[in-house]
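Structure first, then comments.
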There are 2 protein chains.
Amino acid sequence: MEKIRTAVIGAGYRGRYLISLLQHIDSFDIIAVSDISPKLPETIAQLFQGKVLPQIYHSGTDDYLRMLDETKPDLVIIASPWHLHKAQAINALRAGCHVAIEVKGALDNDEYPDIIAQSRQSGKEVFPLENTLFRDDILAINNMVQAGVFGQLVFLQGGYRHDLTYILVDNEGNFGPKNGSESEWRSHYYETENGDLYPTHGLAPLCMFLGVNRTDHIKTIASFSTAPGVGLRACIARRKGADCDEAHRTFEMGDVVTSILQTDSGTQITLLHDTTLPRPRSLNYEVQGTKGIWNAEKKAIYIDGVSPSEDWEPDEKYIQQYKHRFWQRWEKEALLYDGHHQGMDYIMLKVLGEALLGRESYPATLADMATWAAVTPRSKESIKQNRPVPFPRY
Amino acid sequence: MEKIRTAVIGAGYRGRYLISLLQHIDSFDIIAVSDISPKLPETIAQLFQGKVLPQIYHSGTDDYLRMLDETKPDLVIIASPWHLHKAQAINALRAGCHVAIEVKGALDNDEYPDIIAQSRQSGKEVFPLENTLFRDDILAINNMVQAGVFGQLVFLQGGYRHDLTYILVDNEGNFGPKNGSESEWRSHYYETENGDLYPTHGLAPLCMFLGVNRTDHIKTIASFSTAPGVGLRACIARRKGADCDEAHRTFEMGDVVTSILQTDSGTQITLLHDTTLPRPRSLNYEVQGTKGIWNAEKKAIYIDGVSPSEDWEPDEKYIQQYKHRFWQRWEKEALLYDGHHQGMDYIMLKVLGEALLGRESYPATLADMATWAAVTPRSKESIKQNRPVPFPRY
């Protein structure tokens, strides 16, 4: 394999962005794209101006099956709405393709185990597209963790703290699906679920630091929710008026869901899901061990016996000193093509290509993805039962 | 009452500091001090150079009873080791004195209820000496909360994140009681307890913001501990060598204890106790509501529709704009006399004096103190039972 013949399912906001990056990476050849949108031909024409156009498939939700059959790609990238991932991944594996799949919480307990079973049966790999693993600072901190700079890790924090009301509620204060927006499929969950809907960005780097699924395992999860819908109702009241009916409607989702994950070794991870209150976004990373601590929000590090007594140091010097080889090699092109996500999406796809060509090892597996995603159904169970519940192993 | 005739029990590190501040506040007249130390006469001579000396009582742990009997103070300030507080407070109340008492976690479930009962019976007040309530930023943030700037509060964080290994382990790597140091009475708890030993600094301001014991109540607590003794053993190994026996001994206390407190209104408080890992100190305050958020570590605020989109603002402007009347009136003298604690101890004692003279209202009650302190025994129960446990009401 010299070029990876690549098909993409889903040409929404995320799919289009991935395609635009893949075009800059030599190892990929985008041969086909499927999406249910009738506008797909224009979308593709615009994305591939002056280049060879991929085949397009847009006659209904099952047209990607025809794409798999006709184009026989090496790799299928899945960037469709959450509820479609499982069937698409399983069908792509069955068709003999490797799969790279966008991240999300599991919709039920069986979702990822079924994909794992199919991956084993087909002998094909599934790569989680978890971009936070490829951040410059995250990879450098991982180098520091592996070098023992923080000592034995004891306490870690992460989360998804991102005000999504701009997606969930429109400017006139209407909650719910809007044509052509992410809310089309995302808003629904806030009416029916209470749990951590989107755990992977906050959790994946922490699992990498801890060696989860290698040298340690998550044993239990205990989740807690604030009162449901308070932030959404306040947002609707602000935009539509406090007197309208919608400002008094109910939701299932609490504004902030806190999950405490405990590992076999006695380490603890605190994970937040915080998406309906006004705030600057943050992934809330903190890594604390027996020799020091990193706090991403402060962009600061403290190392015992190295940092001035009880004083934080800016983390920049350390991030440079422990820079990962991915960033040593590809930083310039990553920042050039992927300014929007500070290079991490580019590095992720670059490493994906190198991994498929046997030149690099991808830092996360399908089992890892199943672990991160399991937070969603297990956090819902824990909230319902008001007690810690066991965490699955994959 | 023009001057408050004041007796102090405990002239250790904390008691001496309080005495030095009280000398600058006109409303107090320090008439007596008791402490078991044989060095008390020298200590007092040094503290009161050129001033009228108070009576001193230092013949044993019960000599403070003679002090109460002979000097009949209006107010007794208690700054002794934790296990002595309850009996001393009850005896001072019985002697007809008001009491101001240093903060700590409750040693058992009955400690504060017994003090509350005695306070009612004696008709005398107990003032918690919780200095964080009097911080410039905390009082300004409270003004903002009361003015509705953050909207309805949803999610709050606080904690005691302070590396105490400098007290618990000496430079040669020996753990345990050292003569004349706080470890004399504090270190013992790390060998026998696992819970949040010191909840009040992190929790008290959050309870003030939320109106706990006024308009809302804490309903449940769920606590989680990391593996016990990891940080202490690592510290001993660093100072004494990894091969010594003491570097392999056991402790009960986990390095980080996380407690999730849920209130009747559905608000959540996350509280940390983090005292045996190397790190800069922090009380970890965060206040998040339907209109905005304050993060003390970042010294930053975000208010919906006011702050630039998704961007933190430095909190200083707000702290100035909403400055509390205590700080408007007494900032200069507070910073002059109490540089060590940025004025908050001075303001606290000033307000205590004004409250006893009927000119101000003290912002926390004995019931509040009982609530904060209840975290200690209840967190231990929750960790033991591995489930949320009910929280008491006072």
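Each value in this text was obtained by applying a stated rule to the coordinates, not by laboratory testing. What you see is a predicted model, and the numbers here were worked out from it, not measured in a lab. Ideal geometry is used to build each Cβ from the backbone, glycine not excepted, and the neighbour counts take in all protein chains shown.
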Holding the Cα-Cα limit at 29 Å, pick out from A:K72/A:K380; A:K104/A:K384; A:K317/B:K298 the pairs that are longer than that.
A:K72/A:K380
When a/c is below 1.5 the answer is rounded, else prolate if a/b is larger than b/c, else oblate, so apply that to region B:4-129 with a ≥ b ≥ c taken from the square roots of the Cα gyration tensor eigenvalues.
prolate
Compute the label-point distances linking A:H340 to its equivalents in the other copies; points lie 7 Å from Cα along Cα→Cβ; give nm, one decimal, shortest first.
5.7
Under 5 Å between amide H atoms, partner at least 5 residues away or on a different chain: which partners does A:I77 have, H built in plane at 1.01 Å?
A:A7, A:V8, A:I9, A:A100
Surrounding net charge for A:G12, when Lys and Arg each add one and Asp and Glu each subtract one, Cβ distance under 12 Å:
0
Using a label point 7 angstrom from Cα along Cα-to-C-beta, what distances in nm, from shortest up, separate B:R325 from the other copies?
6.8
Alpha carbon centre of region B:64-117 versus region A:17-63: separation in Å?
76
How large is the dipole of region A:21-174 about the Cα centre if only Lys and Arg carry +1 and Asp and Glu carry -1, each at its Cβ, rounded to the nearest 20 debye?
320
If neighbour count is taken as other Cβ atoms inside 10 Å, put B:R120, A:R5 in order from fewest to most.
B:R120, A:R5
Structure-based [θ]222 nm, the protein assembly as shown - -39500 (n - 2.57) summed over DSSP H runs of at least 4, per residue, nearest 500
-11000 deg cm²/dmol
Ranked by GNM mean-square fluctuation in chain A (Cα springs under 10 Å), the top entry among A:R325, A:R161, A:R186 is A:R325
Once you put a point 7 Å from the Cα of B:R387 and another 7 Å from the Cα of B:L357, both along the Cβ direction, what distance in nm separates them?
5.4
For region A:121-197 and region B:200-237, write down the distance between their C-alpha centroids in whole Å.
27
In cubic angstrom, how much convex hull volume per residue do the alpha carbon atoms of region B:23-67 span?
71
Where does each of B:223-231, B:139-147, A:47-55 land if you order them by average Cβ count within 10 Å, highest first?
B:223-231, B:139-147, A:47-55
Test of understanding: what is the full-extension gain from B:E42 to B:Q146, defined as 0.36 nm times their sequence separation minus their Cα-Cα distance?
32.7 nm
With x for Gly and Pro, the residue-by-residue ³J(HN,Hα) of region B:183-197, computed from phi through the Karplus equation 6.51 cos²θ - 1.76 cosθ + 1.60 at θ = phi - 60° and given in whole Hz, is 5, 2, 10, 8, 4, 3, 5, 6, 8, 10, 10, 9, x, 8, 6
Along the positive direction of the dipole of region B:4-129 (beta-carbon charges: Lys, Arg +1; Asp, Glu -1; about the Cα centre), which of B:W82, B:G105, B:T6 reaches farthest?
B:T6
Give me the one-decimal nm value for the distance between modelled label points at A:H188 and B:E310, 7 Å along each residue's Cα-to-Cβ direction.
2.6
Kindly give the semi-axes, whole Å and largest first, of the ellipsoid equivalent to chain A, taking each as the square root of 5 times a Cα gyration tensor eigenvalue.
32, 29, 21
With the Cα gyration tensor of the protein assembly as shown in hand, give its eigenvalues times 5 under a square root as the equivalent ellipsoid semi-axes, listed largest first in whole angstrom.
55, 28, 22
For region A:90-183: rounded, prolate or oblate by the Cα gyration tensor [a/c cutoff 1.5]:
oblate
Cross-link candidates for B:K240: which lysines have Cα within less than 27 Å, leaving aside residues fewer than 8 places away along the same chain?
A:K291, B:K178
HN-Hα J in Hz across region B:250-257 - Karplus 6.51, -1.76, 1.60, θ = phi - 60°, x for Gly and Pro
9, 10, 8, 6, x, 4, 10, 10
Residues other than A:S27 with Cβ under 10 Å of its Cβ, Lys/Arg counted +1 and Asp/Glu -1, net out at -1
Apply the Karplus curve 6.51 cos²θ - 1.76 cosθ + 1.60, θ = phi - 60°, to the phi angles in region A:211-217 and return the couplings in whole Hz, x for Gly and Pro.
x, 4, 6, 10, 10, 8, 9
Label position 7 Å from Cα toward Cβ: report the copy-to-copy distances for B:Q49 in nm, one decimal, ordered from shortest.
8.0
For peptide A:272-282, what's the mean number of Cβ atoms from other chains within 10 Å of each residue's Cβ?
6
Classify region B:279-338 from the C-alpha gyration tensor, please: rounded if a/c falls under 1.5, else prolate or oblate depending on whether a/b exceeds b/c.
oblate
Under 5 Å between amide hydrogens, which residues at least 5 positions from B:K219 or on another chain qualify, with H placed 1.01 Å from N in the peptide plane?
B:Q262, B:T263, B:D264
Just order A:341-351, A:276-286, B:18-28, A:100-110 by mean Cβ neighbour count inside 10 Å, highest at the front, would you?
A:341-351, A:276-286, A:100-110, B:18-28
May I have the convex hull volume per residue, in Å³, for the Cα set of region A:299-394?
197
